[in-house]
Amino acid sequence: MKHPRDKRRDSRPQPSRKGAPAPMPTRERAERHERKVEQHAPARQDVPVEARSEPRKLARREGALPAERLPLILEVAPNDDYALLDSGNGQKLEQYGPYRIVRPEGQAIWLPALPAKEWDRVDAVFTGDTDEEGLGRWRFPKTPLGETWPMRHDGMSYQGRFTSFRHVGVFPEQATHWDHMARLIEEAKRPVKVLNLFGYTGLASLVAARAGAEVTHVDASKKAIGWARENQEMAGLSKKPIRWICEDAMKFVEREERRGSHYDIILFDPPAYGRGPKGEVWQLFEGLPAMADICRSILTPKPLAVMLTAYSIRSSFFAIHALMRDTFAGMGGTIESGELVIREKSAGRALSTSLFSRWVAK
């Protein structure tokens, strides 16, 4: 497999030319592209698809607001499985297992701390189109690599993959949420049901299943569901109770509410924009209040937590904090909100990746 030769002598990220578009490494663009590609493909359905119901009529919840804890910064430090080695000039230099990778990162507006020779000593660099729906490419400065490679998280194996939309199958900053969820499951000392909405490649689902939970994993992408199943096999968790469902997340939770289904822990990690397998359109600010409200209604009588993460949106965590606090009025517990960050190895800077807000019973 041939790849275009890089003719630059200094391959460390360079500042953008005046007037050139800024890098757009946003997660929702990748998901928008993938869902657009797949929206006309027939989806595997565990349950029949129903027509979209009328917009949910929301009413303000009665009762005292939960306690609050903010701002809370959840941080991932470098480890043997993953490390943010350096960042700057709209790029990030990462270590994923055996590979050093360079990818765009719009929030890295500072200068790199490591010298150019360290940025040159990489295995893969994401390059290519920056159009809204354009496909990207990977350049391999040393030896051409295969599409996938084995990765690990906390002793659990999964598949890394060089995708055309710059992601590699894991969002390492989520590890703090996963660890927190695993502790809740293990400390519950009872059967726990977990719902993972917008579940992507399934690492959160695998962590929950390994901790002893019964998991329902929902994603609108057939490709992501297939990848998640591969990860389940690689992790040696094929006998764990995970239900994989390819469906629009909103339709799924609406139906679960009608059926009277309930969960102890719910994770939802929605994009700013997305499409379901039948062309359903998701807009974060339009759909999030109703989804949060439904998530509350499908909790068990003794729930443990609800975790919301919001990537690449023009907002403050105060916005989703206020939404979650209103939604869980009368439930007790605490709303914890803030940012997920990755601590850089070179200069110790914190790279913010997303906003989050979570309700915890204790």
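The values are calculated or read from the model by the stated rules, or taken from the named source; none is laboratory data. The model shown is predicted, which means the values in this text are computed figures rather than measured ones. Every residue, glycine among them, receives a Cβ derived from its backbone with ideal geometry; neighbour counts consider all protein chains shown.
Residue by residue through segment 264-299, note down the ones that are under 18 Å from Ile335 (Cα atoms) and either of a type in the set (D, E, K, R) or out of contact with any helix residue (DSSP H, G or I) (no Cβ under 8 Å at 6 or more places or on another chain) (or both).
Asp264, Asp269, Asp293, Arg296, Leu299
Could you check segment 230-272 and list, in sequence order, the residues that are among the small types (Gly, Ala, Ser), more than 26 Å from Ala182 (Cβ to Cβ) and either at pLDDT below 95 or not in a loop (DSSP other than H, G, I, E, B) (or both)?
Filtering segment 230-272 for residues among the small types (Gly, Ala, Ser) gives 235-236, 238, 249, 260-261, 272.
Now drop any that are not more than 26 Å from Ala182 (Cβ to Cβ), which leaves 260, 272.
Of everything in segment 230-272, just one residue is among the small types (Gly, Ala, Ser), more than 26 Å from Ala182 (Cβ to Cβ) and either at pLDDT below 95 or not in a loop (DSSP other than H, G, I, E, B) (or both), namely Ala272.
Taking Ala224 and the conditions (1) at pLDDT 95 or above; (2) at negative phi; (3) not charged (D, E, K, R), which numbered condition does it fall short on, given that it satisfies the others?
Ala224 satisfies all of (1) at pLDDT 95 or above; (2) at negative phi; (3) not charged (D, E, K, R) except (1).
Specify the residue that is farthest from Pro104 (Cα to Cα); the eligible residues are those in segment 332-353 that are surrounded by fewer than 16 Cβ atoms within 10 Å (Cβ to Cβ) and either in contact with a His (Cβ under 9 Å, 6 or more places away or on another chain) or of a type in the set (A, V, I, L, M, F, W, C) (or both).
Ala347
Restricting to segment 297-318, count the residues that are free of Cβ contacts under 8 Å to residues at least 40 places away in the same chain and surrounded by 16 or more Cβ atoms within 10 Å (Cβ to Cβ).
Adding up the residues that qualify gives 1.
Based on this model, can you work out whether Gly287 counts as surrounded by fewer than 23 Cβ atoms within 10 Å (Cβ to Cβ), farther than 19 Å from Val218 by Cα and not aliphatic (A, V, I, L, M)? Explain how you work it out, then say what you get.
Working: surrounded by fewer than 23 Cβ atoms within 10 Å (Cβ to Cβ): yes; farther than 19 Å from Val218 by Cα: no; not aliphatic (A, V, I, L, M): yes.
The answer is no for Gly287.
When you scan segment 138-150, do you find a residue that is part of a strand (DSSP E or B) and in contact with a helix residue (DSSP H, G or I) (Cβ under 8 Å, 6 or more places away or on another chain), even just one? Before you say what the answer is, go through the steps one by one.
Within segment 138-150, the subset part of a strand (DSSP E or B) is 138-139, 148-150.
Next cut, in contact with a helix residue (DSSP H, G or I) (Cβ under 8 Å, 6 or more places away or on another chain) only: 150.
Scanning segment 138-150 turns up at least one residue that is part of a strand (DSSP E or B) and in contact with a helix residue (DSSP H, G or I) (Cβ under 8 Å, 6 or more places away or on another chain).
For segment 185-203, which positions are aliphatic (A, V, I, L, M) and outside any strand (DSSP E or B)? Walk me through it before giving the result.
Start the filter on segment 185-203 by keeping residues that are aliphatic (A, V, I, L, M), which leaves 185, 188, 192, 194-195, 197, 203.
Ile185, Ala188, Val192, Leu203, listed by residue number.
Restricted to segment 306-337, and to residues that are modelled with pLDDT of 95 or more and at positive phi, which residue is nearest to the chain's Cα centre (by Cα)?
It comes out as Gly333.
Name the single residue that is nearest to the chain's Cα centre (by Cα) among those in segment 339-358 being closer than 19 Å to Ala272 by Cβ and either among the small types (Gly, Ala, Ser) or not in a strand (DSSP E or B) (or both).
Ranking the qualifying residues of segment 339-358, first place goes to Ser354.
Which residues, taken from segment 209-229, are part of a loop (DSSP other than H, G, I, E, B), buried (at least 23 other Cβ atoms within 10 Å of the Cβ) and among the hydrophobic types (A, V, I, L, M, F, W, C)?
To start, the set of residues in segment 209-229 that are part of a loop (DSSP other than H, G, I, E, B) comprises 211-213, 220-221.
Now drop any that are not buried (at least 23 other Cβ atoms within 10 Å of the Cβ), which leaves 213, 220-221.
Result: Ala213, Ala220.
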